[in-house]
Amino acid sequence: MDKKKCIVSILLDGDVKRITSELGSVFMDIFHKNNIYIEAPCGGKGICGKCKVKLLRGSVSEMTKLESSFLSQMEKEDGYRLACFTKILGDVEIAIEGQLEGAQILSTGLEYFVDISPKISKKFVQLDRPTVDNQRDDLDRLIDSLGIDNPHIHISLLRELAQILRSSDFKATITYDGNQILDVEKGNESKKSYGLAIDIGTTTVVCYLIDLITGQQIDIISGLNAQRAYGGDVISRIQYTMEEDDGLSRLRGAIVEQLSEFIHELAYRNHISINHIYNILIAGNTIMGHLLLGIDPQHIAASPFTPVVTQAQVYPASQLGLKLGRGSRVFILPHISGYVGADVVAGVLASGMDRREELSLILDIGTNGEIVLGNKEKLVCCSTAAGPAFEGANILHGMGGTSGAINTIILDQGKLKYTTIGNKPPLGICGSGIVDALALLLDAGIVDETGRLLDEEEIESEAGLKLADRLTQIGGLTAFTIVDARSSGTGEPIVITQKDIREVQLAKSAIAAGIKVLINKMDKDMEQIARLYLAGGFGSYIDKRNACRIGLIPAKLQHRIVAMGNGAGTGAILSLLSYEKYERTALIKNMTEYVELSSTPEFQKEYVNCMYFGKQ
């Protein structure tokens with residue numbers, strides 16, 4: 001018997017999308033099946049409380065006690081529900097409010113200097129016309145003009161070769177890579193050669209359009225990773241591929257579609273033919289690389305954390321589902337391990353630490369924390385299960401770096417002041433704001449070194465007493481009010497709870513302990529580290545002093561910090577422009593030793609020691 005159907009009308013950023021669904025379906029399932037984005041860091045497991053939708057009309061399931069615990073009284077009165085809990089019992093209309101608006105995505109990086117020597121070459125040639133006395137075949141004439149041995153040419157191009165040459169009076173442009181002929185065009189098109197450097201992060205995707213002749217960066221496009229609808233971190237996405245029959249194909253389809261849209265938008269707005277985009281260089285973490293290729297990543301999630309592939313890969317763009325010219329290829333940089341990927345390799349390349357005598361440290365804090373320490377002699381690295389606290393997940397009023405997120409907090413003459421991304425009314429607090437808030441509470445003596453929020457009568461400092469009236473109770477837990485209900489864009493106060501502080505403690509302790517393990521592994525001292533490169537958006541936006549104050553970054557390194565920005569993007573650009581740099585990434589992979597922290601007893605000891613605030 002066929003299941004009964006209903007109509008789900010979804011109002012999103014002023015547009016209405018109508019979807020036919022089965023009665024009893026959960027909103028989250030409908031979003032996944034129809035590629036509709038909603039913030040859901042936990043991937044729809046019912047534990048983060050972020051997937052809020054507003055019910056405008058229609059019949060849905062009753063609210064459970066657990067769902068109710070994630071919503072404020074005002075949100076309940078306004079009709080808000082959680083998409084992962086709510087079942088559809090008839091025709092319904094809901095609203096999802098612009099959750100992708102104004103994302104703060106880092107695209108800039110370190111300055112770089114590189115000799116332009118891409119893998120691909122273009123050459124304009126004028127061939128002799130065949131005659132009765134000179135009947136050499138067309139391909140032979142083409143090969144002679146290039147001076148290559150043992151040529152390879154795709155059969156589709158070979159089928160068109162005669163027509164291309166004769167319609168252009170044997171004046172043509174050849175695109176080739178070594179002995180591989182990728183394309184033949186009419187006339188002189190030798191100056192039209194472009195490439196793309198792409199950083200596929202768990203949270204964001206950044207795509208750079210590069211002129212392969214001049215090395216000029218022509219344009220950039222970026223956005224939140226389309227896979228975020230299936231989980232805010234890599235483990236959630238791996239779980240989705242394991243729990244859903246078509247989970248892997250959905251995740252792969254989401255990123256391929258997003259990349260296709262980015263590529264075609266860049267070509268359109270810069271008046272470039274997609275047939276002239278030849279090489280695409282991709283840096284991403286290991287799980288993002290597996291999902292792009294449609295490779296099952298499930299074995300990375302469980303001990304011994306084994307990826308299917310870590311070596312660099314090269315494929316025709318068409319083989320990955322990207323609709324470009326026949327000469328277009330995708331180069332995926334090598335990974336080091338299941339949790340230290342090509343984005344870190346690219347960051348090492350961009351920093352140049354692999355060529356220096358002095359010791360450098362790279363710290364990339366995102367939905368996961370990757371750390372690399374070393375010099376030209378040796379590199380060691382690790383990945384810390386820091387959790388997504390600094391991305392705003394698992395924090396009561398946490399959110400990503402989008403419009404309305406509180407991103408800085410300071411004390412100005414005893415008064416708490418804050419800024420928001422886009423100068424919009426505050427909706428929540430993002431990672432840099434969380435670090436600022438905790439440092440402020442420590443400085444004011446409102447939080448002690450164990451991470452406990454003190455009661456008002458326990459506060460002794462003058463600065464703390466001036467802020468004591470901001471202490472409140474949320475769900476039976478002590479909390480500190482950052483923004484009161486009148487000033488908030490949600491109509492509810494925005495707070496930092498005791499539980500939030502514990503989440504940050506766990507995250508910062510994992511990072512700090514990982515750094516200490518690597519220093520000991522290299523048999524070095526903190527004082528010997530000449531530079532600390534902070535990679536990624538979070539590392540670029542946080543206040544360095546506050547990061548040291550909470551113990552996320554060693555205090556001794558505060559004045560050696562270099563914000564490297566999007567190191568993965570910079571490394572990808574270098575690898576695109578220089579084949580020598582591309583080959584260097586394989587050397588970086590091979591000279592880097594991965595340390596598995598979960599099986600290192602020293603890490604557990606350091607982890608506990610680093611839990612305290614104020615101890616380095």
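Miscellaneous remarks
- Residue match in the range 318-326 (condition: without any contact (Cβ under 8 Å) to a residue 40 or more places away in the chain, in a helix (DSSP H, G or I) and within 22 Å of Tyr194 (Cα to Cα)): yes
- Set side by side, the residues Leu281, Leu363 differ, and just one is modelled with pLDDT under 95 and at negative phi, which is Leu363.
- Options Ala563, Ala513; residue that is more than 19 Å from Val345 (Cα to Cα) and small (Gly, Ala, Ser): Ala513
- Only residues that are aliphatic (A, V, I, L, M) and over 17 Å from the mean Cα position of the chain (by Cα) were counted in the range 317-347, giving 6.
- Number of residues in the range 207-222 that are in a strand (DSSP E or B) and in contact (Cβ under 8 Å) with a residue 24 or more places away in the chain: the value is 10.
- Verdict on Val314 being β-branched (Val, Ile, Thr), over 17 Å from the mean Cα position of the chain (by Cα) and either under 26 Å from Glu503 (Cβ atoms) or not assigned by TED's automatic domain parsing to the domain that holds Arg228 (or both): no
- Consider the range 577-616 and keep the residues that are touching a helix residue (DSSP H, G or I) at 6+ places or on another chain (Cβ under 7 Å) and β-branched (Val, Ile, Thr). The one that is nearest to Ser193 (Cα to Cα) is Thr585.
- When Ser121, Ser117 are checked against the criterion of being small (Gly, Ala, Ser) and surrounded by 16 or more Cβ atoms within 10 Å (Cβ to Cβ), Ser121 stands alone in meeting it.
- A single entry from Leu89, Leu66, Leu56 fulfils the requirement of being hydrophobic (A, V, I, L, M, F, W, C), closer than 13 Å to Val8 by Cα and exposed (fewer than 14 other Cβ atoms within 10 Å of the Cβ): Leu56.
- Top-ranked residue of the range 578-616 - restricted to ones that are part of a loop (DSSP other than H, G, I, E, B) and not hydrophobic (A, V, I, L, M, F, W, C), ranked as nearest to Thr450 (Cα to Cα): Tyr612
- Criterion (among the aliphatic types (A, V, I, L, M), touching an Asp or Glu at 6+ places or on another chain (Cβ under 9 Å) and modelled with pLDDT of 90 or more) met by exactly one of Ala535, Ala530, Ala485: Ala530
- Within the range 487-508, considering residues that are small (Gly, Ala, Ser) and not in a helix (DSSP H, G or I), the one surrounded by the most Cβ atoms within 10 Å (Cβ to Cβ): Ser488
- Helices (runs of 4 or more DSSP H) within the range 225-317 that include 2 or more residues farther than 26 Å from Met28 by Cα: 247-269
- Filter pass, Asn134 being modelled with pLDDT of 90 or more and of a type outside the set (Ser, Thr, Tyr): no
- Of the residues contained in the range 549-557, none is found to be outside any loop (DSSP other than H, G, I, E, B), out of contact with any Ser or Thr (no Cβ under 7 Å at 6 or more places or on another chain), buried (at least 23 other Cβ atoms within 10 Å of the Cβ) and at pLDDT 90 or above.
Results for (1) assigned to a helix (DSSP H, G or I); (2) under 27 Å from Ala312 (Cα atoms); (3) among the β-branched types (Val, Ile, Thr); (4) not assigned by TED's automatic domain parsing to the domain that holds Ile220, shown as yes or no for each residue.
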site: Ala510; (1), (2), (3), (4): yes, no, no, yes
site: Leu518; (1), (2), (3), (4): yes, yes, no, yes
site: Ala547; (1), (2), (3), (4): yes, no, no, yes
site: Met564; (1), (2), (3), (4): no, yes, no, yes
site: Leu576; (1), (2), (3), (4): yes, yes, no, yes
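- Sole residue being in contact (Cβ under 8 Å) with a residue 12 or more places away in the chain, within 21 Å of Asn279 (Cα to Cα), crowded, with 16+ Cβ neighbours inside 10 Å and in the same structural domain as Asn225 (by TED's automatic domain parsing), chosen from Ile198, Ile148: Ile198
- The set of residues in the range 452-506 that are in contact with a Ser or Thr (Cβ under 7 Å, 6 or more places away or on another chain) and hydroxyl-bearing (Ser, Thr, Tyr) comprises Thr472, Thr481.
The values are calculated or read from the model by the stated rules, or taken from the named source; none is laboratory data. Keep in mind it's a predicted model, so treat the numbers as computed, not measured. Cβ atoms come from the backbone with ideal geometry, glycine included; neighbour counts cover every protein chain shown.
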